[in-house]
Structures are given as structure tokens and as C-alpha cells.
1. Which entries in Lys210/Lys347; Lys173/Lys357; Lys288/Lys353 show an alpha-carbon gap greater than 27 Å?
2. What distance in nm separates the simple spin-label points at Glu432 and Lys268, each placed 7 Å from Cα in the Cβ direction?
3. Compare the Cα positions of Thr82, Thr34, Tyr66 along the charge dipole of region 24-93 (+1 at Cβ of Lys, Arg; -1 at Cβ of Asp, Glu; about the Cα centre) and return the one farthest towards the positive end.
4. Against the longest alpha carbon principal axis of the chain, how many degrees, from 0 to 90 and to the nearest 10, is the axis of helix 480-489 turned?
5. For region 122-222, what are Rg and Dmax over the alpha carbons, in angstrom?
6. Tell me which aspartates and glutamates have Cα within less than 13 Å of Lys28's Cα, excluding those fewer than 8 residues away on the same chain?
7. Peptides 399-408, 4-13: what's the order by average Cβ count within 10 Å, highest mean first?
8. Only four residue types carry charge here, +1 at the Cβ of Lys and Arg and -1 at the Cβ of Asp and Glu. Report the dipole size of region 314-489 about the Cα centre in Debye, rounded to the nearest 20.
Amino acid sequence: MERHGIDYYREAAKQSGLWHQGYLREMKKCRFDTIAVHGIYSMQEALDFNQGSIIEPVYLSTAQAYRDSDEMEAALSYQIPTWCYSRIANPSMYYLEGVLALLESYGADVETTCIATASGMAAIQTAVDPFLLPDPKNRSKPINFVATAQVYGGTFQQFAMRKEKEQNITWRKVVNYNDINEWEKLIDENTRFLYGEMPSNPGQTFFDLKKVIELAHKHGIPMIIDSTVATPALLRPLTLGADIVVQSVSKTLSTSGFGIAGAVISRKDIISTIDNPELKADFAGYAKRFPNRDNGPNISPMNAILALNDIRTLRSRVDMQSRSTLTIARYLAEHKHIEQVDYLGLKSHPLHKLAAKYLWLVDAEYDEQYGNPVNRYGHLMSFRVKGGARAARDVFDRFTRIFRATDLGRIKSVATIPAISTHSQQGEEARELADVPENLIRLCVGAEHPDDIIADLDQALSVLDGKETSINAPAFSAGGASSASLRNRL
Ligand SMILES: *Cc1c(COP(=O)(O)O)cnc(C)c1O
């Protein structure tokens with residue numbers, strides 16, 4: 001048998017890399033919807049390698065076989081881009097990573113890379129851990145990071161328990177997130193990064209991202225943004241100069257609710273005080289090749305393709321659901337049993353003007369319906385019921401269309417009471433800090449017609465009138481074996 005030699009494979013990889021770069025440049029010229037639909041899966045790839053399959057195939061295989069020992073050696077020493085083993089990489093994962101990298105950089109001339117993970121929490125860990133290593137010259141030197149106090153409940157736990165309590169890494173909390181001096185006062189030479197969730201879940205807090213990015217870079221540290229609630233359809237922090245974006249892909253991106261997934265998307269050549277050229281040159285690629293290879297938090301190929309399928313319609317869904325949410329927020333704002341509605345899209349929201357500066361429906365100017373840039377504010381909102389925790393629970397318990405679940409981003413409307421669910425672990429004081437009172441219901445509006453969601457809210461709120469409505473609680477009236485077994489379980 002004739003040996004090809006490692007150089008042969010390196011040259012072949014170089015040629016295919018050049019072709020791929022050219023393809024990406026072509027894709028970058030397309031509109032957002034086209035990128036979301038096609039991503040990095042080219043017609044050439046479909047015809048030459050995938051039986052003409054028009055949809056990206058699910059490669060469930062654990063590993064890739066090599067032609068000979070030279071190709072294997074080149075692959076496993078990362079001299080050529082192959083996928084080796086599905087804990088590290090896999091073609092189906094790669095399709096998802098490719099489309100997210102393109103969407104997060106849409107509209108700007110920035111080069112980005114992505115690593116997909118098994119969950120949003122794994123994405124956050126992937127994004128922050130490489131910056132939280134001890135100082136090699138003085139391992140006992142204290143380490144800190146500066147992050148908004150209002151973050152997702154799981155993030156709060158990861159920061160407060162896993163980092164602070166277990167690893168003695170201080171989380172310096174920004175409470176007045178729109179006071180740039182407060183951010184700055186918390187930074188010192190041991191601060192490894194700035195982190196913010198914007199808009200936050202569930203509080204929808206919002207800060208002036210450009211100013212905070214500028215501050216981070218002034219101190220030589222990266223800005224990490226959890227952009228789950230906005231999605232790239234409304235906000236693309238990397239195009240504004242942020243270094244790393246985290247997505248809980250489980251949420252609006254994968255609206256069908258078929259799987260948990262996460263992603264870290266980074267721009268090339270990030271700013272950091274960590275002395276590691278590879279980490280800075282291509283953070284997501286570094287995470288894929290090293291820490292995540294060793295720790296193993298990566299996504300399964302099946303979940304990657306399920307997420308990919310939902311992402312194709314992201315822009316139009318976010319538009320529609322944002323419009324419905326505004327309609328529903330306006331209805332609730334007028335309701336006699338409602339104390340307060342928190343939705344960035346309402347003019348009455350204290351952060352409305354700031355949010356309007358940042359949250360734009362991508363490509364609205366090319367949409368025949370609009371023809372101009374339009375603001376959209378997503379489908380997360382919350383409202384506070386008059387009468388405290390009991391009243392809120394009475395209303396919540398009466399929903400017959402809106403599902404009671406700790407979920408977000410679904411095609412179906414879902415509500416939760418954060419104080420007894422997502423934010424239950426962190427205690428009263430932390431909930432106060434996060435502005436999550438007991439009478440707050442978080443509602444994430446689905447793609448139903450808003451009139452039907454308003455009807456459900458209306459009948460549920462009427463419980464506080466003390467009078468019955470015409471809608472009988474239908475939960476167990478479906479008949480048959482399933483309702484019987486449900487009754488037995490209850
Ligand atoms: C849900 C969520 C996460 C965590 O994502 P998982 O996929 O559930 O692990 C992180 N950040 C925000 C804003 C979230 O809503």
C-alpha cells in the first residue's frame with residue numbers, strides 16, 4: 001500500500017479549509033433568514049458527501065474512521081480539522097456551531113467561532129472557567145469577577161456556590177447596573193472578566209452594553225454576555241465589541257422544547273489578562289480542543305440537529321411572539337388586579353428607552369411588511385398580582401391554556417412563579433437583590449393567537465373577583481385511561 005504521508009493530509013485539509021472559508025464569505029453576504037435556514041451546510045456537501053440530503057444529517061456515530069495511520073496522527077494532533085470522537089466534535093454539532101457563529105456575527109465584519117454544549121449552564125461554565133485559573137506566579141492570590149446581581153437562578157447558583165463557596169473566587173455583584181462607576185469601582189487587578197445578563201431572566205434588567213464593554217477593555221479584560229433572552233434576532237453583542245456570548249440554546253432558539261442545549265460564541269482575538277495565546281486567538285476553538293475535550297460537557301448530535309431545525313425560523317418567530325407579548329402586556333397593565341407589569345416593550349418601563357437603543361428586529365428594513373428598522377422586545381415578561389403570594393398562586397393555579405412550568409422560550413405559552421421555582425434556592429435576601437417578589441408571575445408568550453392567551457389570563461384573574469367564570473376547569477375532563485391514571489396519581 002502506498003503511504004500518503006501526513007503532509008498529504010495537511011495539504012488536503014488546507015484546500016478544503018480554503019474552500020470552506022470562501023463558502024463562509026459567501027454566506028456572510030446573505031440575509032439573516034437565509035443564514036438561519038442554510039447555515040454552513042452547502043449544496044456541495046449535500047451532493048458530494050450526504051446522498052443529496054437537503055437537511056443536515058444526524059451523525060450519531062461516536063467516532064470517525066481514518067484512511068491510514070498518517071491521517072489518524074494528523075487528526076488527533078489537531079493538524080487537520082476532523083472530528084475524531086463525538087465528545088470533542090461531530091459533523092451534526094458542527095452544523096449547529098457554524099450557524100450560531102454566523103448569526104451572532106451577522107451585520108458586522110467580525111470573525112466568530114462557536115462551541116455547543118449540553119446545556120446553557122455548561123456553556124456558562126465553558127465561558128468563565130478558563131479565566132478563573134490561579135495566578136501561576138502566586139497561586140494563593142485572590143481572584144474575582146464582576147457580574148450583574150440579576151442573573152438566571154442557575155447562574156446565580158453556579159456563581160455563588162460552585163465558584164464562591166467551593167473555589168473561593170469572589171463574585172462582585174453589580175446592583176445598580178446602569179451606574180458605570182459602580183462597575184468600575186468593583187474592578188481591580190485580580191478581576192478576570194465582566195459578565196452580564198441582558199435582558200435578565202426574569203427581571204429584564206438592561207444596561208448600556210457599549211459602555212460596559214468599553215470599561216472591560218480599558219481594564220484589559222473580556223466582556224461576557226448571556227444573550228439568551230434577546231437571541232441573535234434582536235441583539236448581537238459580539239458585533240458591538242463584546243468578547244464572548246453565552247446562549248442557553250434550550251430556550252427561544254430551540255423553541256419546540258425537545259432538548260437542552262447551550263453554546264458559547266466568541267470573537268477572534270479577545271482581550272484577557274490570562275497569558276495563553278491560543279485561548280485569546282480563538283476562545284471557542286480553544287475550549288473545544290482542550291478544556292471541553294477533557295471535561296466532556298458537549299452536546300449530543302441529536303440535540304444539535306433538533307436545535308438547528310428550530311433556529312431556521314428564529315427571526316419571524318421572535319417578531320411574532322414579541323408583538324403578541326406587547327399586546328398581552330398592554331392588556332395586563334390595564335387590569336385591576338395587576339400591581340405592575342414588567343415588559344421592556346412598554347413605554348412605562350424605566351428601561352424602555354435604553355432597551356430601544358439595543359433591541360432591533362434584525363433585517364426589518366428588508367422586510368416588505370416594515371421597510372424600516374423596528375424595535376422588538378422578545379417574549380419574556382412578568383407581572384405582579386395585587387394581594388401578594390396567595391393571590392398570585394390562585395391566579396397561576398387557574399390557567400388552563402398557559403402551562404405551569406419552569407421553562408422559557410417555548411412555542412407554547414408557559415408561566416412560572418420564580419420565587420418558588422427558578423429562584424427558590426437562593427433565599428429571601430438574594431431574591432430581593434434580584435427583584436423577584438413572591439407575587440411575581442413570569443410569563444413567556446408562545447405563538448398562539450394573543451386573544452386566546454388574554455382569555456386565559458382573564459378567566460384566571462377573575463378568581464380574585466370572587467366570582468366563577470364560564471370556563472370550567474377542564475384539566476381532567478378529557479376522559480379515557482389517561483385522565484383516570486392522572487386522577488390516581490393525584
Ligand atoms: C435557562 C437559562 C440558562 C441556563 O440554560 P440551560 O440550558 O437550562 O442550562 C442560562 N441563562 C439564561 C438567561 C437562561 O434563561
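1. Lys288/Lys353, as the Cα separations exceed 27 Å there.
2. Label-label distance for Glu432 and Lys268, simple model: 5.0 nm.
3. Thr34
4. 80
5. Gyration radius and largest Cα-Cα distance of region 122-222: 13.1, 41 Å.
6. Glu104, Asp109, Glu111
7. My ranking of the peptides, most packed first, is 399-408, 4-13.
8. In total the dipole reaches around 260 debye.
No value in this document is a laboratory result; all are computed from the given coordinates. In this text the structure is predicted, and so the values were computed from the model without any measurement. We place every Cβ from the backbone using ideal geometry, glycine too, and count neighbours over all the protein chains shown.
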